[in-house]
Amino acid sequence: MSNTKKDVKLSILDLAPVVEGSTPSGAFKNTLDLAQHAEKWGYNRFWLAEHHNMEGIASSATAVLIGHVAGGTSTIRVGSGGIMLPNHSPLVIAEQFGTLESLYPGRIDLGLGRAPGTDQLTARALRRENMSNGEDFPEQLDELREYFNPTEAAHVKAVPGKGQNVPIWLLGSSGFSAQLAGRLGLPFAFASHFSPEHTVPAMNLYRSSFRPSEVLDEPYAMVGANIIAADTDERAAYLATSMQQQFLNLVRNRPGKMQPPVENMEELWTPYEKAAIHQQLGSSIVGSESTVKEKLETFIEETGANEIMVNASIYDHHERLRSFEIVSGLFR
């Protein structure tokens, strides 16, 4: 199954990156600026991701930041990519997103994941006595959906939240959420930007599991992709070294702020680390406008995605804006 490039929508995934020498406050300023440009360039949605205990990612209070971005834009959809549901009470999430939908009607998305979005010690601090390992995610999801559409007999109601149509997406990097999203007839978003080898199997599983629902008549899948575009292939490859350093620090269990690009990654990583990072970043698309266009068309053909969610880990904010601007014009 494939879509023509004209049918495919483009969206943005943002982690409010904190670069070396800056602060979360600076990251939030850049996030809003990117969202305002994205709206002007025709991107479909702007999602923010929940991570914790990571110096280089400032989007931990995801619902708060969604409100900030939605308040500073006017038409682009804004949402979570995602909220890690096992970290939270389903009622709290229903109230938060009910509040967001009340403030910005018709513009809010609720993407849900089942991973902690952090290390185990931080997960324990977040979840306290509720040490969910994600296995009860389907039950948590049912409870959350019931708060948006409660029966008359329900004693606990989400206010705001009840009766509101907040689109729910399931996010995944393996087959679990793909199958669940298909069975429930919900839209599905796959994290190909860090789990490329599982992309096509998960997409196939989602489509084969799909049952029409009151939400969707047919499958709708979005795929995350690292895309770094610049005026030349060489410049894009140079900018991409910041992303490679991010993953290198994760491999070494030393996450930190985003580092400036470097001329030569060979001086920083071992052959083993290089191989591991290339495997994790295997679906990344890096290059000039023509290179990115060709690779992205192939990626869409392989995945059959309805929508591509673009992630761009670039140190310099203006270079990052330029990358998203180049990508926005590819399929016009």
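The values are calculated or read from the model by the stated rules, or taken from the named source; none is laboratory data. Nothing here was measured: the structure is a model prediction, and the numbers come from that model. Heads up, the Cβs are rebuilt from the backbone with ideal geometry, glycines too, and the neighbour counts pull from every protein chain shown. When the accessible area is computed, the model is the full protein with side chains, heavy atoms only, and any ligands, DNA or RNA have been set aside. Shrake-Rupley method; radii C 1.70, N 1.55, O 1.52, S 1.80 Å.
Please give the Cα centre distance for the stretch 53-89 versus the stretch 216-233, rounded to the nearest Å. Here the answer is 20 Å between Cα centres. Label positions at Glu55 and Arg211, each projected 7 Å from the Cα along the C-beta direction, are separated by 4.9 nm. Maximal additional length on extending the His37-Arg252 stretch stands at 73.9 nm, based on 0.36 nm per residue less the C-alpha distance.
Rounded to the nearest 5, the antiparallel percentage of DSSP beta bridges internal to the chain is 5%.
Taking all protein chains in place and a 1.4 Å probe, what share, in percent, of the accessible surface of the stretch 228-332 do carbon and sulfur account for? Within the stretch 228-332, the accessible surface is 47 percent carbon and sulfur. Spin-label model, Ala125 to Glu289: label points 7 Å out along the Cα-to-beta-carbon direction sit 4.6 nm apart. For the chain, the longest principal axis of the alpha carbon atoms and the long axis of helix 175-184 meet at an angle near 40°.
Simple rule: put +1 on each Lys or Arg Cβ and -1 on each Asp or Glu Cβ in the stretch 1-68, find the dipole, and look at Gly67, His52, Val18; the Cα lying farthest toward the positive end is Gly67. What the Cβ-Cβ distance of Arg183 and Ser74 gives, at R0 = 51 Å and to the nearest 0.05, is a FRET efficiency of 0.90.
Identify which of Pro86, Pro187, Pro150 has the largest mean-square fluctuation in a Gaussian network model of the chain, with springs joining Cα atoms closer than 10 Å. Most flexible of the set in this elastic network: Pro150.
Largest GNM mean-square fluctuation among Leu239, Leu34, Leu121, using the chain with Cα springs under 10 Å: Leu121. Rounded to the nearest 20 debye, the dipole magnitude of the stretch 27-152 is 520 debye, with +1 charges on Lys and Arg beta carbons, -1 on Asp and Glu beta carbons, and the Cα centre as origin. Using only Cα atoms, locate the centre of the stretch 167-213 and the centre of the stretch 237-273, then give the distance between them in Å, rounded to an integer. Each part's Cα centre sits 30 Å from the other's. Relative to the dominant Cα principal axis of the chain, helix 289-303 is inclined by about 40°.
For Val200, Val292, the ranking by accessible surface with the largest value first comes to Val200, Val292, using a 1.4 Å probe. With unit charges on the beta carbons (Lys and Arg positive, Asp and Glu negative) and the dipole taken about the Cα centre of the stretch 253-332, which residue among Ser288, Asn311, Phe299 sits farthest to the positive side? It is Asn311, whose Cα lies furthest towards the positive end.
Taking Ala125, Ala58, Ala158 in turn, the Gaussian network model of the chain (Cα-Cα springs below 10 Å) assigns the largest fluctuation to Ala125. How about Lys9: which aspartates and glutamates have a C-alpha closer than 17 Å to its C-alpha, ignoring those fewer than 8 places off in the same chain? Hits, sequence-local ones excluded: Glu39, Asp109, Glu218, Glu294, Glu297, Glu301, Glu302, Glu307, Glu325. Between Asn165 and Thr151, residue separation times 0.36 nm minus the direct Cα-Cα distance comes to 3.5 nm. Ranked from largest to smallest solvent-accessible area, with a 1.4 Å probe on the protein heavy atoms, Tyr104, Tyr272 come out as Tyr272, Tyr104. Accessible area per residue for the chain is 45 Å², calculated with a 1.4 Å probe on protein heavy atoms, without ligands, DNA or RNA.
Shown here is the pair-distance distribution of the chain: with all Cα-Cα distances grouped in 10 Å bins from zero up to the longest one, the shares run 6, 26, 37, 24, 6, 1, 0 percent. Each listed q (0.14, 0.15, 0.17, 0.23 Å⁻¹) maps to a log10 I(q)/I(0) for the stretch 250-332 from the Debye sum over equal C-alpha point scatterers, namely -0.63, -0.72, -0.91, -1.30.
Taking Lys and Arg as +1 and Asp and Glu as -1, the other residues whose beta-carbon sits under 13 Å from that of Thr291 total -3.
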